[in-house]
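The values are calculated or read from the model by the stated rules, or taken from the named source; none is laboratory data. None of the values given here were measured: they were computed from a predicted structure. Every residue, glycine as well, gets a Cβ built from its backbone with ideal geometry; the counts of neighbours run over all protein chains shown. Keep in mind that these areas ignore ligands, DNA and RNA; they rest on the heavy atoms of the full protein, side chains included. Shrake-Rupley method; radii C 1.70, N 1.55, O 1.52, S 1.80 Å.
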Amino acid sequence: LEDPSAAAAFASRALRIAMGPRPGPVFLSVPLDVGTGRVATTAISMAPSPTPVEPDLGASSRVAIALSRSRRPLLVIGNGARSAARELLELAEMLQCPVVCTAHGKGIFPDGHPLHLGVIGFGGHASASAYIESRPDVVLVVGSRLGDFATDGWSLSLTGAEATFQIDRDGGLLGRNYPLTLGIVADAGAALRAIAAALPSDAARPRRELPHRQAPSIAAESDAVPLKPARVLRALEHAFPDAFWTSDIGEHCAHVVHHVPIERPDRFRVMLGLASMGSGIGAAIGVRHARPDLRVLCVCGDGGFAMHAGDLLTCVENRIDVVFIVLNDGRWNMVQHGFRAVYGREPDALPSEVADLAQVARGFGALGVRVERPGDLEPERLRELASQGRPLVLDVRIDPTEALSVATRSAAIRRSAFAGGAS
């Protein structure tokens, strides 16, 4: 903005973009001398959000016929399908079609549903990978750009043996990372409704035995010390069964994606677009402030929490009682494994001290509690701590050898590093 008199026009344009067909943030730069200028008050009237982009009916019918004839279909769900959770569930059940989701799309399809094979890519499940490796014949991707994190560095074979379809409201994402048979530019919900309506009348009859979902990790029942991340997350799930979960970025995120069952599309958020450390902390604060009726749990690593611990003061001053669960192993776990994967060693400068983050929390005026043993995870105790009306920081001392990302993220980095020659 270079002229104060244009402020209303710029604000109106920014709002139209932010609330348009591809909603998202808009950055408006206001120089100091422009920002202090005086202008007449101008009312801004915003039209209702645009109607969803309607799908091509011929294309929808083609997808419907292919899915109905498929012997091994697969639905791949990304975050862009979050508003179409009901339509996805209905279509999957009509077709008795297995479903996998990306980490970004976790919760859109109920984790406990028998058709859900789990997460692909970062924090993924072996049952999801196994079905993909056995090569589905028809694949429908809904609301995912099939990026680095979702595909383990594009190593997953997400194309169907006979046909691959993709639905997205952004045409620039269709076929960008995987070849397609047909792409549909449309709102996910509208496209799925059109596909369901075009299914032949006998399409709901199951044609094969469904694959099995991976069993929960035995680590979730472990009473070992240091604590296993799966054990910690299971205890929190039991203590707060209807909580809203956010995850910051790091090794702990893989554990959350892998171990925490999410049954509703409005109960989980992780920011894997740029994978910015601290994004999960900000998301948790925003959700709790906007939805005081929801218990909000934010899972962090000790590295990311140390970088953004000052946000605790914001929570204290505004009485935003987020529960921060810091999985503290005294290292940048995923970073260290990434270095090992590529270089075979770690730099000397990486962290190695286990900080007392509970004490840091108390210094900011929050409630800080160290969690070291299974007895510290009793549901009643956790609920009592969370009910104090203050932000709570659980400084959880976990087993530093636990690293799910070794088989996903670190392996993908290694493949990328040595793609042009021998390792």
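Summary table
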| quantity | calculated |
| --- | --- |
| Which listed residue, of ALA403, ALA419, ALA349, is within 29 Å of PHE122 (Cα to Cα) and within 24 Å of the chain's Cα centre (by Cα) | ALA403 |
| Criterion: open to solvent by 70 Å² or more (accessible area, probe 1.4 Å), touching a residue at least 12 places away in the same chain (Cβ under 8 Å), of a type outside the set (Ser, Thr, Tyr) and farther than 26 Å from HIS259 by Cβ - qualifying residue of ARG390, ARG383 | ARG390 |
| Residue among LEU227, LEU210, LEU192, LEU236 that is under 21 Å from LEU74 (Cα atoms), surrounded by 18 or more Cβ atoms within 10 Å (Cβ to Cβ) and more than 18 Å from the chain's Cα centre (by Cα) | LEU192 |
| Residue list for the range 79-102, filter: open to solvent by less than 10 Å² (accessible area, probe 1.4 Å) and either without any contact (Cβ under 8 Å) to a residue 12 or more places away in the chain or outside any helix (DSSP H, G or I) (or both) | CYS97, PRO98, VAL99, VAL100, CYS101, THR102 |
| Criterion (surrounded by fewer than 24 Cβ atoms within 10 Å (Cβ to Cβ) and among the aliphatic types (A, V, I, L, M)) met by exactly one of VAL299, VAL326, VAL322, VAL335 | VAL335 |
| Checklist (1) within 30 Å of GLY20 (Cα to Cα); (2) not in a loop (DSSP other than H, G, I, E, B) applied to GLY105, failing item | (2) |
| Qualifying residue in the range 150-161 (condition: open to solvent by 10 Å² or more (accessible area, probe 1.4 Å), in a loop (DSSP other than H, G, I, E, B), closer than 30 Å to GLU378 by Cβ and in contact with a Ser or Thr (Cβ under 9 Å, 6 or more places away or on another chain)) | no |
| Yes/no for SER127 being over 26 Å from ARG264 (Cα atoms), open to solvent by 10 Å² or more (accessible area, probe 1.4 Å) and either among the hydroxyl-bearing types (Ser, Thr, Tyr) or touching a strand residue (DSSP E or B) at 6+ places or on another chain (Cβ under 7 Å) (or both) | no |
| In the range 60-78, residue surrounded by the fewest Cβ atoms within 10 Å (Cβ to Cβ) [restricted to those that are under 13 Å from ALA161 (Cα atoms) and either under 28 Å from the mean Cα position of the chain (by Cα) or β-branched (Val, Ile, Thr) (or both)] | ARG72 |
